[in-house]
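Inspection log for the structure reproduced underneath, given as structure tokens.
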Amino acid sequence: LYPALVFAAPLALESATMMTVFAILSVTCLFNLWYVLHTLNTVVFMDTRDGLAMAASAVNLVALTLAVYFGLTALEPGEDREPAVMPFLDRIRIFAATTASRSLPQSTIIEKEIAPPAWTRIDGLVLAAMIAAALVTRFRHLGYPAEIVFDEVHFVAQARQYLHAEWFLDPHPPLAKLVIAGGIWMFGDHPWSWRVGNATLGTVLVGVTYLLGRRVTGSRLAATLAAAFIVCDGLFLVDSRTAVIDIVYVTFAAIAYLLLFRFLQTPGLLERRRILPWLGLALGLCVGSKLYIPVITVLLVVGFLVYALAWKTKTLGRLLDRRVVAAVMLVGSVAFAAFIAVFLPHFILGWWGGMGDLFHYYLHEVPDYERAVAEATHPYSSPWWSWPLMLRPVAYWQNFPKTGPVATVWGGGNPLLWWGALTAITITAVQALERPSLSRSFLVLGYLGYLMMWIWIGRTLFIYHYMGSLYLGYLALAWLIAQCWEGNSELWEHLSLLMTMAPAFILGLGGWWGGAGLLAVFTGYAAMLIRTRHAGRYVAAVFVLAALVLFIYYWPVWVGISIDRSGYYARMWLEGEGLRSWI
């Protein structure tokens, strides 16, 4: 604790808040010395949860909170630079209170060509409409099926074990299972209460996507389309209506993306440095939700944060290095604290006794578990390279009587949107090479990072592991379609989107009818291209309309509505042996 006093002492002369911190630390340090001496002089050492020691820790936590508050509020709005000459104590204050999270002045913001549109009443209306659509699609008949669905067999059981204080081993961190347990604790043990937490996060994801789309693309239309694509995609819908864990990490990853771009696009040091602790919190909760995948989230977000502060800007000289390191340390420390916090039930329930148990869990128990399941197989498993083509969706639940209607919860996406995401991310990569921008690079590198990480992981994989890449692909697709509508796209981009529709037409309508429909679409495009200047709008409208039709068409098999057998098989476009099968 001595370094804390070293920094608190000069700051105590500058602020009543820091004087309070200094006084608290002085008292708790003295108490610590006395109590340790008293304990060592007794026959019995202190208990694991000694009351006085825990109370001293709580008081120190109050001091830390006050110090964080001072660090986030000490810099006056508009104080963008250090003065050339200042008193020594002022320099100490600036160093201690602002360096850790101070960022770049407005003149050095990376993404000058992309900025979010000014917030208007239209944004509020669109955001409300998107959230309303998410609420209807995520919460309607949430308790159906009224039985365990797919991996709910694992995660609902583990949520119950948390509530009953029964130890278990699972390689995934606890947060997503605690979300499920929270629903059971609040509303009782019912199918809809298992899923209410995920339905809430799935709804939040839609709203966050709209806000993120505004900042990444600078287009209100692209933001609306991105949020609509999340609403209309089957895999995001199914995972929001099922007590599984993937929608949790995706939602917190999206929040981290939003905070990163808000940091980059916000002027003023005070406003920007307040964002960094929240960014760390979002990353920590993301990592606390699932094994492996959130590591890419951390590398992506922190990597672009460092890039934005360091390599792209050359106006701060040697002071820049200090700010970069301190900003990363602030984000990293808050993220680690949040990550540790999600394991609190393990400590409270007495399963773990200290940090050594956490390290033992990750260094021994998780690797042993992964080795034990390395040779496991599953009929719905699929290799990573097949995910962008959606060759092997997952049947989460099925009710197939011998005769009559059938029902299923089908873990597959909207085919046109899914394949369009691959087209869009490819076009975005070309645009990033021709017209470099931070937003395009972020989407492409993030998409590839989430996908390429699976090359080195040999255990059984499923198509839902693609959700991290798919989410960024939908942002790229929304941006591309908005560019088509706004007249900022090229002929080859139009043709690429139209060709992406070909498999949907052929597989959905059959060879003759599908070919005729596709010919009609291309004929209409040629006419628009020759006679008007709105060929791009034609492409955008046709693509979005076709995606909406497919959303309505596939809705029954995403939410388990009973349909005729012929209707079920008509929706299973790819049938056959091996990997290429939707059944």
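The values are calculated or read from the model by the stated rules, or taken from the named source; none is laboratory data. Keep in mind the model is a prediction, meaning the values are calculated, not measured. All Cβ positions, even for glycine, are placed from backbone atoms using ideal geometry, and neighbour counts span all protein chains on display. Just so you know, the surface numbers come from the protein's heavy atoms only, side chains and all, with ligands and any DNA or RNA stripped out. Shrake-Rupley method; radii C 1.70, N 1.55, O 1.52, S 1.80 Å.
Within the range 454-490, being modelled with pLDDT under 95, farther than 16 Å from Leu235 by Cα and among the aliphatic types (A, V, I, L, M) holds for Ile455, Ile457.
Answer with yes or no whether Phe31 is open to solvent by 30 Å² or more (accessible area, probe 1.4 Å), more than 25 Å from Met355 (Cβ to Cβ) and part of a helix (DSSP H, G or I).
Details: open to solvent by 30 Å² or more (accessible area, probe 1.4 Å): yes; more than 25 Å from Met355 (Cβ to Cβ): no; part of a helix (DSSP H, G or I): yes.
No; evaluated as a whole, the condition is false for this residue.
For the range 375-398, filtered to residues that are of a type in the set (A, V, I, L, M, F, W, C) and under 24 Å from Leu448 (Cα atoms), the residue that is surrounded by the fewest Cβ atoms within 10 Å (Cβ to Cβ) is Trp385. The condition of being more than 30 Å from Leu309 (Cβ to Cβ), open to solvent by less than 60 Å² (accessible area, probe 1.4 Å) and either touching a Gly at 6+ places or on another chain (Cβ under 9 Å) or in contact (Cβ under 8 Å) with a residue 40 or more places away in the chain (or both) holds for Ile457.
For (1) open to solvent by less than 10 Å² (accessible area, probe 1.4 Å); (2) over 17 Å from Ser333 (Cβ atoms), each residue gets a yes or a no:
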position: Leu237; (1), (2): yes, yes
position: Cys286; (1), (2): yes, no
position: Val298; (1), (2): no, no
position: Val301; (1), (2): yes, no
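Among the residues of the range 522-537 satisfying the criterion of being assigned to a helix (DSSP H, G or I) and open to solvent by 50 Å² or more (accessible area, probe 1.4 Å), which is nearest to Ile481 (Cα to Cα)?
So in the range 522-537, the residues assigned to a helix (DSSP H, G or I) come out as 522-531, 535-537.
Subset that is open to solvent by 50 Å² or more (accessible area, probe 1.4 Å): 522-523, 528-531, 537.
Numbers: Phe522: 17, Thr523: 20, Met528: 17, Leu529: 17, Ile530: 20, Arg531: 21, Arg537: 9 Å.
Here the answer is Arg537.
Of all residue pairs spaced 6 or more apart or on separate chains, none has beta-carbon atoms under 7 Å together with a first member in the range 424-448 that is over 16 Å from Ala222 (Cβ atoms) and open to solvent by less than 30 Å² (accessible area, probe 1.4 Å) and a second member that is basic (Lys, Arg) and modelled with pLDDT under 95. When you check Gly411 against the structure, is it small (Gly, Ala, Ser), under 30 Å from Ala372 (Cβ atoms) and crowded, with 19+ Cβ neighbours inside 10 Å, yes or no? Yes, satisfied. Of all residues in the range 258-269, those satisfying the criterion of being more than 18 Å from Leu443 (Cα to Cα) and open to solvent by 10 Å² or more (accessible area, probe 1.4 Å) are Thr266, Pro267, Gly268.
Kindly indicate whether any position in the range 188-195 is more than 29 Å from Phe261 (Cβ to Cβ), in contact with a His (Cβ under 9 Å, 6 or more places away or on another chain) and not β-branched (Val, Ile, Thr). Explain how you work it out, then say what you get.
Looking only at the range 188-195, we keep the residues that are more than 29 Å from Phe261 (Cβ to Cβ), and these are 188-195.
Narrowing the set further to residues that are in contact with a His (Cβ under 9 Å, 6 or more places away or on another chain) leaves 192.
If we keep only those that are not β-branched (Val, Ile, Thr) as well, we get 192.
Taking every residue of the range 188-195 in turn, at least one turns out to be more than 29 Å from Phe261 (Cβ to Cβ), in contact with a His (Cβ under 9 Å, 6 or more places away or on another chain) and not β-branched (Val, Ile, Thr).
Selection of first residues in the range 139-156 that are closer than 11 Å to Tyr396 by Cβ and of second residues that are assigned to a loop (DSSP other than H, G, I, E, B), restricted to Cβ pairs under 6 Å at least 6 apart or on distinct chains, gives the following pairs, ordered by first then second residue: Pro145/Gly560; Val149/Thr242; Asp151/Val244; Glu152/Ala243. Which members of the range 1-26 meet the condition of being loosely packed, with under 14 Cβ neighbours inside 10 Å and either modelled with pLDDT of 85 or more or not in a loop (DSSP other than H, G, I, E, B) (or both)? Result: Tyr2, Pro3, Val6, Ala16, Ala23. Can you confirm whether the range 35-55 contains a residue that is at pLDDT 90 or above, in a helix (DSSP H, G or I), among the polar types (S, T, N, Q) and open to solvent by less than 100 Å² (accessible area, probe 1.4 Å)? Among the residues of the range 35-55, not one is at pLDDT 90 or above, in a helix (DSSP H, G or I), among the polar types (S, T, N, Q) and open to solvent by less than 100 Å² (accessible area, probe 1.4 Å), which makes the answer no. Among residues of the range 487-508 that are touching a residue at least 60 places away in the same chain (Cβ under 8 Å), those with a Cβ under 7 angstrom from a residue that is assigned to a loop (DSSP other than H, G, I, E, B), sequence gap 6+ or separate chain, pair up as Leu507/Trp573; Gly508/Trp573. Residue count for the range 426-458 satisfying the condition of being touching a helix residue (DSSP H, G or I) at 6+ places or on another chain (Cβ under 9 Å) and under 18 Å from Ile296 (Cα atoms): 19.
Rundown of residues vs (1) within 25 Å of Ile275 (Cβ to Cβ); (2) acidic (Asp, Glu); (3) modelled with pLDDT under 90; (4) open to solvent by less than 40 Å² (accessible area, probe 1.4 Å), yes/no style:
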{"residue": "Gln106", "(1), (2), (3), (4)": "yes, no, yes, no"}
{"residue": "Ile109", "(1), (2), (3), (4)": "yes, no, yes, yes"}
{"residue": "Ala129", "(1), (2), (3), (4)": "no, no, no, no"}
{"residue": "Thr137", "(1), (2), (3), (4)": "no, no, no, yes"}
{"residue": "Val156", "(1), (2), (3), (4)": "no, no, no, yes"}
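Put simply, of Leu509, Leu519, Leu550, Leu545 the only residue that is exposed (fewer than 14 other Cβ atoms within 10 Å of the Cβ) and under 30 Å from Arg140 (Cβ atoms) is Leu545. Tallying residues that are touching a helix residue (DSSP H, G or I) at 6+ places or on another chain (Cβ under 8 Å), open to solvent by less than 40 Å² (accessible area, probe 1.4 Å) and within 21 Å of Ser382 (Cα to Cα) within the range 553-581 yields 5.
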